[in-house]
Amino acid sequence: MKTRILSGLIMAPLLVILIIGGYVLYAGCFVIGIMAVREFFKGFGNMDIKPSFPIAFCASVALYLIGIAEMRGMGEGTDIITVLYMLWIFAVVLASLLYLFKINERKLSDALATVTGIFYIVFFCYHIALISSWGDMEILVWLVVITAFGTDIMAYFTGYAFGKHKLCPNISPKKTIEGSVGGTLGSVILCGVFGLIFAKDMMIHCLIVGLLGGVVSQFGDLTASIFKRKMGIKDYGNLIPGHGGILDRFDSVLFTGPLVYYYFYLLSLSVI
């Protein structure tokens with residue numbers, strides 16, 4: 001427990017990036033995405049699968065350049081940005097398939113792992129950068145962190161104190177149903193406090209996101225655990241003591257980022 005707490009303190013400076021926001025947060029998302037996808041691809045090595053990191057890196061650069069163009073208002077009032085995003089999806093899939101052209105050296109699983117890593121990590125992480133471009137609404141990016149890390153912390157301590165019934169023993173033996181419930185409730189409470197202080201007009205939506213995020217963040221954590229079990233590794237890396245690699249720490253964020261983005265985007269369109 002002491003190691004986890006110490007590691008949490010070591011990561012505290014990352015909060016500065018959230019406070020500064022803007023292009024700093026945008027750059028932070030890019031760096032974290034690159035580091036995480038590299039760890040993810042290395043994990044496939046245990047399965048004799050060789051995804052292409054250069055393709056993932058180029059895809060990341062292209063995606064964030066499109067985002068910068070959108071932030072600067074290029075193509076505003078037209079469908080150019082939408083077309084660029086569609087072109088990006090096409091290019092990612094095409095590049096991954098062309099990666100197979102050295103047919104004697106590569107397998108179908110190499111291309112599939114490449115595509116999976118780009119969309120699962122790079123694209124999912126990119127949603128946090130999208131939230132950072134919302135101007136006055138940029139503060140909502142904190143909900144991504146609160147739901148992900150808040151759920152994780154509350155689930156850990158609740159499970160440690162009251163956990164008796166295993167949640168998914170074949171995926172993550174230490175997680176308990178009590179911890180899962182405690183993590184979700186903790187997310188709702190923390191998001192409610194956030195709404196009360198910083199977004200009173202959206203208080204009810206903060207609570208809803210806290211509930212949904214508390215559940216979705218655990219799906220993100222468990223999904224990462226499934227990959228690790230299939231890869232035969234304990235952690236994706238050893239960068240952060242007590243937590244493993246970047247992906248071990250940000251696995252739940254990959255799911256809560258898109259959740260927060262799409263929830264409030266649909267809300268802005270009066271869909272929900």
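Hey, does region 90-105 have a residue that's among the basic types (Lys, Arg) and free of Cβ contacts under 8 Å to residues at least 12 places away in the same chain? It would help to see each step written out before you state the result.
At the first step, the residues of region 90-105 found to be among the basic types (Lys, Arg) are 102.
Subset that is free of Cβ contacts under 8 Å to residues at least 12 places away in the same chain: 102.
Yes.
Any idea how many residues of region 224-235 are crowded, with 16+ Cβ neighbours inside 10 Å, in a helix (DSSP H, G or I) and touching a residue at least 60 places away in the same chain (Cβ under 8 Å)?
So the count comes out to 3.
Of all residues in region 109-146, which are more than 28 Å from residue 43 (Cα to Cα), in contact (Cβ under 8 Å) with a residue 40 or more places away in the chain and of a type in the set (D, E, K, R)?
Of everything in region 109-146, just one residue is more than 28 Å from residue 43 (Cα to Cα), in contact (Cβ under 8 Å) with a residue 40 or more places away in the chain and of a type in the set (D, E, K, R), namely 138.
From the list 84, 140, which one is buried (at least 16 other Cβ atoms within 10 Å of the Cβ) and under 21 Å from the mean Cα position of the chain (by Cα)? Steps first, answer last, please.
Numbers: 84 fails: under 21 Å from the mean Cα position of the chain (by Cα).
None of the others qualify; the one that does is 140.
Take the residues of region 143-173 that are assigned to a helix (DSSP H, G or I) and of a type in the set (Val, Ile, Thr): which is surrounded by the most Cβ atoms within 10 Å (Cβ to Cβ)?
Start the filter on region 143-173 by keeping residues that are assigned to a helix (DSSP H, G or I), which leaves 143-162.
With of a type in the set (Val, Ile, Thr) added as a condition, the list becomes 144-147, 151, 153, 158.
Details: 144: 26, 145: 19, 146: 25, 147: 35, 151: 32, 153: 17, 158: 20.
Among residues in region 143-173 that are assigned to a helix (DSSP H, G or I) and of a type in the set (Val, Ile, Thr), the one surrounded by the most Cβ atoms within 10 Å (Cβ to Cβ) is 147.
Find the residue count for region 98-111, including only residues that are surrounded by 14 or more Cβ atoms within 10 Å (Cβ to Cβ) and either part of a helix (DSSP H, G or I) or touching a His at 6+ places or on another chain (Cβ under 7 Å) (or both). Walk me through it before giving the result.
Filtering region 98-111 for residues surrounded by 14 or more Cβ atoms within 10 Å (Cβ to Cβ) gives 99-100, 106, 109-111.
From what is left, the residues that are either part of a helix (DSSP H, G or I) or touching a His at 6+ places or on another chain (Cβ under 7 Å) (or both) are 99-100, 109-111.
Result for region 98-111: 5.
Quick check on this structure: which one of 176, 184 is among the β-branched types (Val, Ile, Thr), buried (at least 17 other Cβ atoms within 10 Å of the Cβ) and within 19 Å of the chain's Cα centre (by Cα)?
One residue alone meets the criteria, 184.
Could we say that residue 256 is part of a helix (DSSP H, G or I), closer than 27 Å to residue 49 by Cα and of a type in the set (S, T, N, Q) here?
On the way: part of a helix (DSSP H, G or I): yes; closer than 27 Å to residue 49 by Cα: no; of a type in the set (S, T, N, Q): yes.
For residue 256, the condition - part of a helix (DSSP H, G or I), closer than 27 Å to residue 49 by Cα and of a type in the set (S, T, N, Q) - is not met.
For residues that are within 18 Å of residue 167 (Cα to Cα) and of a type in the set (D, E, K, R), tally how many sit in region 196-240.
Total meeting the criteria: 3.
Given the conditions (1) at pLDDT 95 or above; (2) in contact with a helix residue (DSSP H, G or I) (Cβ under 9 Å, 6 or more places away or on another chain); (3) loosely packed, with under 13 Cβ neighbours inside 10 Å; (4) of a type outside the set (S, T, N, Q), which single one is not true for residue 54?
Among (1) at pLDDT 95 or above; (2) in contact with a helix residue (DSSP H, G or I) (Cβ under 9 Å, 6 or more places away or on another chain); (3) loosely packed, with under 13 Cβ neighbours inside 10 Å; (4) of a type outside the set (S, T, N, Q), the lone unmet condition for residue 54 is (2).
Filter region 26-85 down to the residues that are outside any helix (DSSP H, G or I), more than 21 Å from residue 251 (Cβ to Cβ) and touching a residue at least 60 places away in the same chain (Cβ under 8 Å) and list them by number. Let's see the steps before the verdict.
Let us first name the residues in region 26-85 that are outside any helix (DSSP H, G or I), namely 48-52, 72-79.
Applying the additional criterion that residues be more than 21 Å from residue 251 (Cβ to Cβ) yields 48, 50, 52, 72-79.
Once the filter is applied, which keeps residues that are outside any helix (DSSP H, G or I), more than 21 Å from residue 251 (Cβ to Cβ) and touching a residue at least 60 places away in the same chain (Cβ under 8 Å), region 26-85 yields 50, 52.
The values are calculated or read from the model by the stated rules, or taken from the named source; none is laboratory data. Just so you know, these numbers come straight off a predicted model, no measurement behind them. Don't worry about glycine lacking a Cβ; one is built from the backbone with ideal geometry, like all the others, and counts go over all protein chains shown.
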